[in-house]
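Heads up: the structure comes next, in structure tokens.
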Amino acid sequence: MDKKIHTLPELPYAYDALAPFISKEIMELHHSKHHAAYIKNLNDALGKHPELFEKTVEDLLKDLDVVPEDIRMAVKNNGGGHVNHSMFWETMSPKGGGELTGVLAEEITKTFGSFEDFKAKFNDAGAKRFGSGWVWLVRTKEGKLNVLSTANQDNPMSEGHFPIMGNDVWEHAYYLQYKNVRADYLKAWWNVVNWQAVEKRFNNI
């Protein structure tokens with residue numbers, strides 16, 4: 001297949017590195033099975049229109065109207081799954097957690113009132129997402145910070161927003177460890193957030 005075929009990125013840490021907050025079993029299944037499946041399905045879809053391998057997945061998600069209709073939904077779902085998870089792995093770390101400082105922290109406080117108010121709004125949006133999806137901190141197309149939630153593997157880029165950080169609230173992200181208590185997972189997740197990576201994404205907008 002084309003040399004530009006999309007591939008599964010390696011994790012920047014071991015599968016057990018985020019324990020006890022996210023278990024080794026969850027990470028291994030999430031990365032090696034779920035993320036890998038999105039990539040396979042994305043490549044299969046793009047194989048019907050090989051010229052699209054010349055574009056980044058991000059560019060395709062930003063303008064889904066350029067994607068042929070016969071594969072548009074597959075690219076939205078599986079391309080989103082690939083991009084979302086690639087960001088997700090990078091914005092977590094075994095040395096994560098703690099308080100955010102710097103320019104992003106200042107803007108979060110300015111926008112949401114305080115860092116704790118931001119976390120509460122973020123967790124609430126994640127808890128209220130019906131079914132599967134994601135919760136995000138984005139820079140909106142108007143240039144402001146906002147917390148929002150998307151269904152399935154939809155990426156905020158498709159609506160003109162830039163995702164700074166996001167948490168996966170599909171059941172496969174937490175059910176083996178937290179069962180049906182999504183709120184416990186959302187609370188625990190802050191212990192692994194890689195604020196340096198999040199700040200880098202914010203600075204690269």
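Before we move on, is Val67 farther than 19 Å from Pro163 by Cβ, crowded, with 19+ Cβ neighbours inside 10 Å and β-branched (Val, Ile, Thr)? In short, yes. Residue pairs whose Cβ atoms lie under 6 Å apart, separated by 6 or more positions or on different chains, with the first residue in region 82-100 and over 16 Å from Met157 (Cβ atoms) and the second among the small types (Gly, Ala, Ser) and in a loop (DSSP other than H, G, I, E, B), are Pro94/Ala17. For region 188-205, a tally of residues being surrounded by fewer than 19 Cβ atoms within 10 Å (Cβ to Cβ) and either of a type in the set (S, T, N, Q) or in contact with a Cys (Cβ under 7 Å, 6 or more places away or on another chain) (or both) returns 4.
Only one of the numbered conditions (1) surrounded by 13 or more Cβ atoms within 10 Å (Cβ to Cβ); (2) aliphatic (A, V, I, L, M); (3) more than 25 Å from Asp16 (Cα to Cα) is violated by Val83, and that is (3). Taken over region 16-63, the criterion of being over 16 Å from the mean Cα position of the chain (by Cα), buried (at least 16 other Cβ atoms within 10 Å of the Cβ) and closer than 17 Å to Pro156 by Cα is satisfied by Leu60 alone. Count of region 148-169 residues, restricted to those that are closer than 26 Å to Glu116 by Cβ, without any contact (Cβ under 8 Å) to a residue 60 or more places away in the chain and not β-branched (Val, Ile, Thr), is 5. Going by the conditions given, is Thr140 buried (at least 18 other Cβ atoms within 10 Å of the Cβ), at pLDDT 95 or above and not small (Gly, Ala, Ser)? So Thr140 does not fit the description; no.
Which members of region 154-187 meet the condition of being crowded, with 17+ Cβ neighbours inside 10 Å and aliphatic (A, V, I, L, M)? Matches in region 154-187: Met157, Ile164, Met165, Val169, Ala173, Leu186.
A residue that is within 30 Å of Tyr15 (Cβ to Cβ), hydroxyl-bearing (Ser, Thr, Tyr) and surrounded by fewer than 13 Cβ atoms within 10 Å (Cβ to Cβ) can be found somewhere in region 100-107. Assess whether Ala45 counts as being under 23 Å from His161 (Cα atoms), in contact with a helix residue (DSSP H, G or I) (Cβ under 6 Å, 6 or more places away or on another chain) and not β-branched (Val, Ile, Thr). Against the criterion (under 23 Å from His161 (Cα atoms), in contact with a helix residue (DSSP H, G or I) (Cβ under 6 Å, 6 or more places away or on another chain) and not β-branched (Val, Ile, Thr)), Ala45 does not qualify.
The values are calculated or read from the model by the stated rules, or taken from the named source; none is laboratory data. Just so we're clear, the structure is a prediction, and the values are computed from it rather than from any experiment. All Cβ positions, glycine included, derive from the backbone under ideal geometry; neighbour counts span all protein chains shown.
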